[in-house]
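The structure appears right after this line, and notes come after that.
The values are calculated or read from the model by the stated rules, or taken from the named source; none is laboratory data. None of these values were measured; they are calculated from a predicted model. Cβ: placed from backbone, ideal geometry, glycine included. Neighbour counts: every protein chain shown.
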Amino acid sequence: MDESLAFCCMDICNRPFLVYNAEYTNAMIGAYDTCLTEEFLRAFAFNAGITLHANVMYGKNDHHKTEALFKAVAHALRIAAAPTGDGEVFSTKGMLG
């Protein structure tokens, strides 16, 4: 991920939504179409019932930006899916009045 920084925040709440902010210079990274990143994350969020915010903050190399974004999503998923003390996952769904 070198010079790139990506940020991800998610809530496993059964209210799927995607906010995606990433700009690429090239349409392709080798044989990989960069527009597939947003499509993959949308399918992931909607099929898993996740509200997902995925942002590439900065970077120059499209490969590094994509790698940073996927690593940020994986890290956020690990935290969001970790059981809390009561055996549930951390979510505010149903908590705010």
### Message
What's the total number of residues in the stretch 18-55 that are of a type in the set (A, V, I, L, M), under 16 Å from Met1 (Cβ atoms) and within 10 Å of the chain's Cα centre (by Cα)?
### Response
1
### Message
Just to be sure I understand, how many residues within the stretch 21-31 are of a type outside the set (Asp, Glu), exposed (fewer than 13 other Cβ atoms within 10 Å of the Cβ) and either out of contact with any Cys (no Cβ under 9 Å at 6 or more places or on another chain) or within 15 Å of Asp11 (Cα to Cα) (or both)?
### Response
5
### Task
Would you please name the residue that is nearest to Tyr20 (Cα to Cα), looking only at residues in the stretch 52-84 that are of a type in the set (Val, Ile, Thr) and either surrounded by fewer than 19 Cβ atoms within 10 Å (Cβ to Cβ) or in contact with a Gly (Cβ under 6 Å, 6 or more places away or on another chain) (or both)?
Ile79
### Query
Is at least one residue of the stretch 7-28 part of a loop (DSSP other than H, G, I, E, B), at positive phi and at pLDDT below 95?
yes
### Every residue from the stretch 33-73 that is of a type in the set (S, T, N, Q) and either assigned to a strand (DSSP E or B) or over 24 Å from Asn14 (Cα atoms) (or both)
Thr34, Thr51, Asn55, Asn61, Thr66
#### Entry: Pairs, first among the charged types (D, E, K, R) in the stretch 55-79, second at pLDDT below 95 and surrounded by fewer than 17 Cβ atoms within 10 Å (Cβ to Cβ), C-beta under 9 Å, six or more apart
Lys60/Asp2; Glu67/Asp2
